[in-house]
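Okay, structure first, notes after.
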Amino acid sequence: MSRVTLAAVVSACVCAVPTVCDATSHTAPAFAFGLQGSYTEQEFTGHGKTDTEHMPEGGAFINFGNKMTSTDGFIYQAELSGLYSKHQNQKVKDAQADLDLGWRITLAERHSVDLLVGGGYKWNRLQPNNRKYDIDLTNRTPFAKVALGYNYRFDTATLRFEAGMRKLINGDSQLEIHGISNEKVDLKDGTHPFAEMSLLFNQDGMIPVIASLYYSRFEYELDGQFAMTPTDTQVQDEYGIKLGVSF
């Protein structure tokens, strides 16, 4: 083989490597992390009375998986998120862990649908404004979930929509009035909706960006009653946004 021919072969191989790497990176599992904000409407019901609180929250999220990148076959994603709010001397803290597993079915070159199952854990603490006592109302709720997803792939971006239901399982609620009492009551199992629309763009760039809008509902209904408060049901409707980078 002549030097000219060898040089041509090597040059062709080198030129091809970035193309292969780019194609692989677009469909490989990826990390994403960023900021998260939400507007939460909390409704407290007991003895025929209902009180409503409106709480803005801010926090962060991190996830890993291929839900936003895979073209077909097995998909998965694990995510951790946390939110915090302090409004009119009332505090709210939220933490959530999710694991999703599913299968992606290609419908056409740019269209695909997902069938998903999963589970997770939700921790929520409300510290209401009370001049006399320090109060913690804490909810702990494992859950299972099922969902459907739809994906549309642009040339350098992916649009995804997911909607499903969560089933709360064996949760509990704890009311602690510091120095006075500490009660724990089981929560009734319940099923509640969630939805999320995400856009992963700049997939050809150095730093892909992901943006999401979501809705989530959790209803904490006591399977019993606290002695120190008439409230027996707490409902949270959360409307949120996420903005982060993927790599």
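Applying 0.36 nm per residue to the separation of Arg110 and His54 and subtracting their alpha-carbon distance, the gain on full extension is 16.2 nm. Projecting the Cα atoms of Pro142, Asn170, Asn130 onto the charge dipole of the chain (Cβ charges, centred on the Cα centre) puts Pro142 farthest toward the positive pole.
Given the -39500 (n - 2.57) contribution per DSSP H run of 4+ residues, what per-residue ellipticity at 222 nm results for the chain, rounded to the nearest 500 deg cm²/dmol? List each step's numbers first, then the result.
On the way: 1 runs with 25 residues, N = 247.
-3500 deg cm²/dmol, from helical runs alone.
Per the Debye calculation on the stretch 29-97 with a single equal scatterer at every Cα and no solvent contribution, log₁₀ I(q)/I(0) for q = 0.18 Å⁻¹ amounts to -0.77.
In debye to the nearest 20, how big a dipole does the stretch 33-135 give about its Cα centre with +1 on each Lys and Arg Cβ and -1 on each Asp and Glu Cβ? Let's see the in-between values first.
On the way: 11 positive and 13 negative charges, 91 e Å.
That gives a dipole near 440 debye.
Could you tell me which of the pairs Lys67/Lys167; Lys93/Lys145; Lys132/Lys242; Lys67/Lys184 are separated by over 30 angstrom between their Cα atoms in the structure shown?
Numbers: Lys67/Lys167 22 Å; Lys93/Lys145 23 Å; Lys132/Lys242 37 Å; Lys67/Lys184 38 Å.
Checking Cα-Cα distances, Lys132/Lys242; Lys67/Lys184 exceed 30 Å.
What order, most packed first, do the peptides 62-68, 180-186 have when packing is the mean number of other Cβ atoms within 10 Å of each residue?
Going by the mean number of other Cβ atoms within 10 Å, highest first, we get 62-68, 180-186.
Our compactness index for the stretch 108-169, the C-alpha radius of gyration over the empirical 2.2 N^0.38 Å, is 1.82. Counting only alpha carbon atoms, the long axis of helix 3-27 and the longest principal axis of the chain meet at about 20°.
With the charge dipole of the chain set up from +1 on Lys and Arg Cβ and -1 on Asp and Glu Cβ about the Cα centre, the Cα lying farthest toward the positive end among the listed residues Thr52, Ile75, Thr27 is that of Thr27.
Which whole-number percent of Cα pairs in the stretch 30-246 have a distance greater than 31 Å? Of all Cα-Cα pairs in the stretch 30-246, 27 percent lie more than 31 Å apart.
No lab work stands behind these numbers, since they all come straight from the coordinates. All values derive from a computational prediction rather than experimental measurement. Glycine gets a Cβ as well: all are built from the backbone with ideal geometry, and neighbour counts include every protein chain shown.
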